Amino acid sequence: MARPSFSQEVGNLLYAAKGNPLNACIQCGTCSGTCPAAEFMDYTPRRLIGLILANKKEEVLASNTFWYCASCFYCTVRCPSDIDIAETMYALKRYSIWKHVHQEGLLGPTFSETFVKTILRSGRSFEPVMATSYLFSSGLKEWIQEAAMATGLMLKGRMPVLPPRIKRLDNFKRMIEKVIPLAGAS
Amino acid sequence: MTEEKFEPRIVAFLCNWCSYRAADLAGTARIKYQPNVRMIRVMCSGRVDPDFVLKALSLGADGVMIAGCHPGECHYLEQNYKAMRRFAMLKHTLEVFGVEDERVRLQWASAAEGVQLAEAINDMVDKVRALGPLNWPAKWSENGRVKAALERLPEEHAEAMEVPA
Amino acid sequence: MSEKVGVYICHCGSNIAGVVDVEEVAKWAGENLDNVAVSRDYKFMCSSLGQELIEDDIKNEGLTRVVVAACSPHLHEKTFRRACSNGGLNPYLCQMTSIREQVSWVIEDKEAATEKAKAMISGAVRRVQLHEELQPTEVPVNPHTLIVGGGIAGIQAALELADAGYPVYLVEREPSIGGHMAQFDKTFPTLDCAACILTPKMSDVGNHPNITLMTYSEVEDISGFVGNFDVRIKKKARYVDEDTCTGCGICIEKCPKKIVDDVFEVGMGLRKAIYRPFPQAVPNFPVIDTENCTYFERGKCKACEIFCPTEAIDFEQQDTYVDVKAGNVILATGYDLFDVKRMPQYGHGRLANVFTSLEFERMCNASGPTEGKIVLRDGVTQPESVAIVHCVGSRDENYNTYCSSICCMGALKFGHLVMEKTGAEVYSCYIDMRTYHKGYEEFYNRLLEEGMHFIRGKVAEVTDAARIEEEEGKLIVQVEDTLLGIQRRVPVDMVILMAALEPRADAREVGLQFGIACSMEGWFTERHPKLDPVATMTDGIFIAGAAQGPKDIPATVAQGAAAAARVQGMVTIGTVKIEPVVATINEEKCSGCRICNTLCPFNAIEFKEEEQVSFINTALCKGCGTCVAACPAQAISGAHYSNGQILAELEGLLYDVVASNGSHAAQAEPEAVPA
Amino acid sequence: MKKYAYFPGCSLEKIALSYNQSTIESTQKVGIELEELEDWNCCGATAYFHVDELLAYTLCARNIAMAEKLNLDLVAPCSACFKNTYFTNKALKGDPDLADNINVALAEDDLHFSGSIEVRHLMEVFVEDVGFDQLKESVTHPLEGLRVAPYYGCQIVRPQKDHENVEEPQFFEGLMSAIGADPIPYALKMRCCGGSLLISSREAALNMIYNLLKNAVDSEAQVIATACPMCQINLECYQPQVNQEYGTNFHVPVVYFTQLIGLSMGLPMKAIGLGSELIAATPLAQYAT
């Protein structure tokens, strides 16, 4: 059987009952008109769908569009062709993490991976780990702002000092290994 | 006669207004599907007497498809709903006889759905081919006719049918 | 005596012969199938030579049955039935089987195709031997026509028929005829005023000796069948005596109660409690709106009665019922406008200066609430910029998937009117510009030249939440300009929503009442989408205008005229043939269980109380056969689709397996069905 | 007394502690008992679904399975936790094959998903199960005159399409009216706060926060009410950054709706976590007991 095209690959990631839901796109731009982050994206969500359907794999993976998706799901509920656009953005994030291909300088992929690793280690998330993991790789100004805020929160008793853990961590890790065998290693 | 590969024979009852026209359209559009299905035109899916299905299977068909207009689009207003209800009862009976679910299928196809009808036919042929021959006539000659089977039903299900006092 | 069957296999050029080995099949059929007297293959069976072949064989070979294996019976069944007829054989003794659409065009493997063709022919040969001679029944056609709906479709149909000399009953739900068109200002693409072209037709209807106009009326009940419908019409009480009222309008002038007109003025203007929807209403008798009339509310006032010069006001009037007979019915019930409040992101009702397309029509109309001035909701301020939102509720899986087809042109018309009357900047936000009829694309070009701005993108939302100074106090239309690939926020003073056309809210009930089907969306279903657009599956019921699907005025008028032409044909001939494919009940076998009674959606099955048996009115029966399949006593038989015929076809289709399992190789025994 | 399984989520342990406190206090006041899941895990926020869908489902299913053990509907106060858990529940109920796969993993922790419970957002419980009438009865200190911007955010109503109205819901307004406050028409109430973009795409997120704050201030809100820790943190803690970036001077208090409910029922400020804000909720002081 022939290798699936890029658009088919993305379509398959959407777990739709039948066919590729992206094929239904009429390029109306409702998603992009709705998107709160559209102006910061290199391609609007509509253009990204167009690029996927045109099998422009490199352009799509090099784009920052899906990393700018804030998961607000507004596009999904408004899409006149019933395409789950936010889910498509998730699918592209997963695809790009698996393939280790993404635009340079983006914080999103590292953030997602670190976040997940934290949870896989402890069962819960821990804000300070988040901060140190990404903000070092971003600008100094942001780091200072973030640190100032963290201090403020700490003073108000809202910043945890010790990382939280769930109790049945061993069971939890074994459970994870059932789903993704590699996860336990990290 | 065909030892090497089993090719099922399937009978399809197509309603005159939607599904027969869907078949017309599949033809006009040259959409290919497997040759195993032989069609009978009826005016409406509501015309399909469950006896026709039983008869087809007893004559040696390996599967039966009933195709009609989509719910809400029946040219006789609502007769396909009646076909749907009748189909549910028929399925129940066939289950009792041990006929696999995939062998009898109710398919909606509008006059514009040539592709969908062809896909449904291919899907059904594949599934029935995987199941193998039904061999009802042979089974019947072993066990007597359907009537006898029906008469035996209460016996076989005596336990299930027993009503606690 | 056994039948003599003729089998004819068409090559259809190479369409069939290129895949199916037609010669082999013809030879096989002649040698292997019982009672086949003649078996031939021919280049084009549907040609006159092909038909003559059948005619000659009937005459010379004494054929009693004919099977034609060719294209779909939907194409040529009539042709071959005629050939049989010409040869002296009852046309219903012919059976077609489709070896083109169902065999040669869909199967690549030649051997498999030939096998399937054999099976199909075998089925047809078995079946045709059990065919019976049938005769279509003839019934007279009442010359009166009932037209439901007095919009432009109904008006056109009524005038066509009436002018040709045929009597018409025109029934309209509202107090006046005119429909949506009466609400419009200009009509695209010529920009002639709707009233100027509509009102002469309306008064023609009002004055026509052949038209009985019943407004403020509804069809209460209809029974009967093609040529012979019995109709009961409810005339709602107007509280104004139509015989004495002169339509002078003094009552309206004197009525002290003003209310918002939600129907004709779509909430944009006021009317009195006694009113006519608009000045040119036909008929011009007013009606009293009892829900808002002071007299009906509080028992006093009667200003209208006091001032009426002809004593036409009658507070005691009751609804009345009129029974009429009609041979045919034309349904021209029109459309509803999509409720734009279902899309709160566009802000209608929340943001004052968001208007629907119909509200804007009224605003443009010189006799409308603003006397034709284009102003904001405050009634005085002219907009400096206007955005027009296309596809509101159309082309959207969340609402209606279809294209409403008139909105693009409507938007262009609005753009022109706005620019002409106010000089404002106009932005049209569209997904695809659809201008497909005569003069439409030229109109689009004209608007481009006039400087209307076009943004290709479906509007995401309309908001008043400003981000920057230019947006303060404005409506901001947020949309992706898909041709530029950027999100735009366009600040405007006014927004017009091009609302979708939807089927009438009660379309399904009306469909059931008249025995016709609706599409999934609720549009009335035509007999054939291309070749029979105004007839329906129910003989004698025709459809016209937007009730069948969204359409503009020219298409609506064309359908009104087409429906009238179809009716004229029926009335002129004076009788109608009814297909003999109907069910009948053998009263000897009927146990009176009444299972079939409730199954028939056409109410063709009656129960005879005295005899305790059911009976089928063959004139009402459409031949679906559902009752035949349901009768537990097998007392119902369906002509041309009898159990025997279908089972014989089944056995023929499975001839190869039947032969191999021996015990069932016998001739069809229709009664021996396992049950 | 109606009982629910309670899944507070990671944020409510510390950074949104006041949401947790006010949730527990205010639900008690209206006769609701919340039984915290004994060993819940993180829902994964948005990140799980970025990395692996099956993993995301598994982790959410673990919490659902624990609630199933208690035979109680599961309530989440955090919109992100709610959305992830709600959709996992829906997906697993609709796809038995998927549920089977996930149950293999859950077995490692002696858990099983069977689809026997519903997942609810805390606000839904107040609106639908408690109801405005009963809520009004419990109000002792109505927040009369308090102009509240009811900020729904995203994941409380989206992406479910079966919801009564995803574009213009009114239940938050109804809730605020029930406790005597004055909900303002807040045009951007359904708009995104930027979520986790603050970390990955700061510029975009600050822009979103700026828009939300500006619209609230333009609409003369005294306080923004939220139903999600992410929204609260983004809107409150990043005001200085927004001010710096856009040359504005926002200082709008952002509180949890449960804090307002608690206040209207006469609960002391401290009990409902008031006082731990970075921007002091001064307009609330006059209603305090």
Requested in this report: Pop out the ³J(HN,Hα) list for the stretch C:493-501 in order, Karplus 6.51 cos²θ - 1.76 cosθ + 1.60 with θ = phi - 60°, rounded to Hz; leave Gly and Pro as x.
Outcome: 8, 9, 10, 10, 9, 7, 6, 5, 8
Report summary line: As straight-line cross-link partners of C:Lys110, the qualifying lysines (C-alpha separation under 16 Å, not fewer than 8 residues apart within one chain) are B:Lys32, C:Lys118
Query raised in the report: Once the whole set of protein chains is in place, how much accessible area is left on D:Thr289, using a 1.4 Å probe, in Å² to the nearest 10?
Result: 100 Å²
Query raised in the report: What's the extension gain from C:Gln513 to C:Glu469 if we count 0.36 nm per residue and subtract their Cα-Cα distance?
Result: 10.0 nm
Report summary line: In the stretch C:458-532, the chymotrypsin sites (Phe, Trp or Tyr not before Pro) that sit in a DSSP loop and have at most 15 other Cβ atoms within 10 Å of their own Cβ are none
Report summary line: Relative contact order as a percentage, the stretch C:559-658, C-alpha pairs under 8 Å and 6+ apart, gives 29 percent
Report summary line: Expected unfolding gain across C:Asp109-C:Phe296 under the 0.36 nm per residue rule, minus the alpha-carbon gap, is 59.4 nm
Report summary line: Computed ³J(HN,Hα) along the stretch A:41-47: with the Karplus parameters 6.51/-1.76/1.60, θ = phi - 60°, integer Hz and x for glycine or proline, the list is 8, 6, 10, 5, x, 4, 5
Query raised in the report: What does the charge count near A:Gly50 come to, summing +1 for each Lys or Arg and -1 for each Asp or Glu among other residues with Cβ under 14 Å from its Cβ?
Result: +2
Requested in this report: Could you pull out which residues in the stretch D:136-179 have an amide N less than 19 Å from a spot 7 Å beyond the Cα of D:Glu220, following the Cα-Cβ vector?
Outcome: D:143-151, D:177
Query - Average accessible area per residue (Å²) across the protein assembly as shown - probe 1.4 Å, nucleic acids and ligands excluded - result: 39 Å²
Report task. Starting from the Cα of C:Lys438, draw a straight line to each of the lysines and keep only those under 27 Å, dropping any in the same chain fewer than 8 residues away. Result -> C:Lys186, C:Lys201, C:Lys413, C:Lys421, C:Lys458, C:Lys530, C:Lys551
**Report entry** Members of the stretch A:59-91 that become less accessible by 40 Å² or more once partner protein chains are added (1.4 angstrom probe, chain alone as reference)
**Finding:** A:Tyr68, A:Ala70, A:Cys72, A:Phe73, A:Tyr74, A:Val77, A:Arg78, A:Pro80, A:Asp82, A:Tyr90
Query raised in the report: Using a 1.4 Å probe on protein heavy atoms, which residues of the stretch C:457-482 have at least 10 Å² less accessible area in the complex than alone?
Result: C:Lys458, C:Ala460, C:Glu461, C:Thr463, C:Asp464, C:Ala465, C:Ala466, C:Arg467, C:Glu472, C:Gln478, C:Glu480, C:Thr482
Query raised in the report: Say the dipole of chain C comes from +1 at the beta carbon of Lys and Arg and -1 at that of Asp and Glu; which of C:Thr626, C:Ile573, C:Leu53 then lies farthest toward its positive end?
Result: C:Ile573
Report summary line: When every protein chain stays in place and a 1.4 Å probe is rolled, D:Val252, C:Val380 sorted by accessible area with the largest first are C:Val380, D:Val252
**Report entry** Prolate/oblate/rounded call for the stretch C:154-300, Cα gyration tensor, a/c under 1.5 rounded
**Finding:** oblate
Query raised in the report: Just by accessible area at a 1.4 angstrom probe, what is the order of D:Lys93, C:Lys110 from largest to smallest?
Result: C:Lys110, D:Lys93
Query - Candidates per trypsin sites (Lys or Arg not before Pro) in the stretch C:431-484, loop by DSSP, up to 11 other Cβ within 10 Å - result: C:Lys438
Query raised in the report: Hey, which aspartates and glutamates would be in cross-link range of C:Lys236, C-alpha to C-alpha under 12 Å, not counting anything within fewer than 8 residues on its own chain?
Result: C:Glu172, C:Glu174, C:Glu218, C:Glu220, C:Asp289, C:Asp319
Query - Summed residue charge, Cβ within 11 Å of C:Val418's Cβ, Lys/Arg positive, Asp/Glu negative - result: -3
Query raised in the report: For the residue pair C:Phe615 and D:Lys93, what label-to-label distance in nm results when each label sits 7 Å from Cα along the Cα-to-beta-carbon direction?
Result: 5.5 nm
**Report entry** Separation between Cα centres of the stretch C:548-598 and the stretch C:339-412, rounded to whole Å
**Finding:** 40 Å
Requested in this report: Tell me which residues come under 5 Å, amide H to amide H, from C:Ala583 once H is placed; ignore anything under 5 positions away on its chain.
Outcome: C:Gly623, C:Ala639
**Report entry** Solvent-accessible area, 1.4 Å probe, carbon plus sulfur percent, for the protein assembly as shown
**Finding:** 51 percent
Query raised in the report: Between D:Asp133 and C:Lys43, how many nm apart are label points set 7 Å from Cα along the C-beta direction?
Result: 8.6 nm
Report task. Under 20 Å from a label point 7 Å along Cα→Cβ of B:Glu100: give me every residue in the stretch B:39-83 with its amide N that close. Result -> B:53-66
Query raised in the report: If you add up the charges near B:Lys55, with Lys and Arg at +1 and Asp and Glu at -1, over every other residue whose beta carbon is less than 10 angstrom from its beta carbon, what do you get?
Result: -3
**Report entry** Chains A and D, summed buried accessible surface - 1.4 Å probe, Å², nearest 100
**Finding:** 6100 Å²
Query raised in the report: Between the DSSP loop rule and a limit of at most 11 other Cβ atoms within 10 Å, which GluC sites (Glu not before Pro) in the stretch C:249-308 are left?
Result: C:Glu291
Report summary line: Semi-axes a, b, c in Å (a largest) for the protein assembly as shown, each sqrt of 5 times a Cα gyration tensor eigenvalue, come to 60, 46, 30
Query raised in the report: Residue by residue, what Karplus-based ³J(HN,Hα) values in Hz, rounded to whole numbers, does the stretch C:262-270 have, using 6.51, -1.76 and 1.60 with θ = phi - 60° and x for Gly and Pro?
Result: 7, 9, 5, 8, 5, x, 8, x, 10
Query raised in the report: Can you give the accessible area buried between chains A and C, summed over both chains, with a 1.4 Å probe, in Å² to the nearest 100?
Result: 1500 Å²
Requested in this report: Enter the Cα centre distance for the pair the stretch D:61-97 and the stretch C:453-505, rounded to the nearest angstrom.
Outcome: 38 Å
Query - Percent breakdown of C-alpha pair distances by 20 Å bin, ordered from the shortest bin, for chain C - result: 15, 36, 31, 16, 2
Query raised in the report: With every protein chain left in place, what is the accessible area of B:Arg129 in Å² (1.4 Å probe, nearest 10)?
Result: 50 Å²
Requested in this report: Quote the total accessible area buried by chains D and C together, excluding ligands, DNA and RNA, probe 1.4 Å, nearest 100 Å².
Outcome: 900 Å²
Query raised in the report: Label-point separation (nm) for C:Asp192 and C:Val380, each offset 7 Å from Cα along Cα-to-Cβ?
Result: 4.0 nm
Report summary line: Shape descriptor, the stretch A:1-65: equivalent ellipsoid semi-axes (Cα gyration tensor, sqrt 5λ, whole Å, largest first) stand at 22, 14, 9
Query raised in the report: At a Förster radius of 22 Å, what calculated FRET efficiency corresponds to the Cβ-Cβ distance of C:Ala565 and C:Asn603, to the nearest 0.05?
Result: 0.15
**Report entry** Theoretical FRET efficiency, 1/(1+(r/R0)^6), r = Cβ-Cβ of B:Ala112 and C:Glu316, R0 35 Å, to 0.05
**Finding:** 0.05
Query raised in the report: Taking the highest mean first, how do the peptides C:586-598, C:183-195 order by number of other beta carbon atoms within 10 angstrom per residue?
Result: C:183-195, C:586-598
Report task. List the residues of the stretch D:97-132 whose accessible area drops by at least 10 Å² when all protein chains are present, compared with their chain alone, using a 1.4 Å probe and counting only protein heavy atoms. Result -> D:Val104, D:Ala105, D:Glu108, D:Asp109
**Report entry** Distance from the stretch D:197-257 to the stretch A:1-73 (C-alpha centre basis), Å
**Finding:** 29 Å
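The values are calculated or read from the model by the stated rules, or taken from the named source; none is laboratory data. Note that the structure is predicted; figures quoted are calculated from it, not measured. Cβ atoms come from the backbone with ideal geometry, glycine included; neighbour counts cover every protein chain shown. Accessible surface areas use protein heavy atoms only, side chains included; no ligands, DNA or RNA. Shrake-Rupley method; radii C 1.70, N 1.55, O 1.52, S 1.80 Å.
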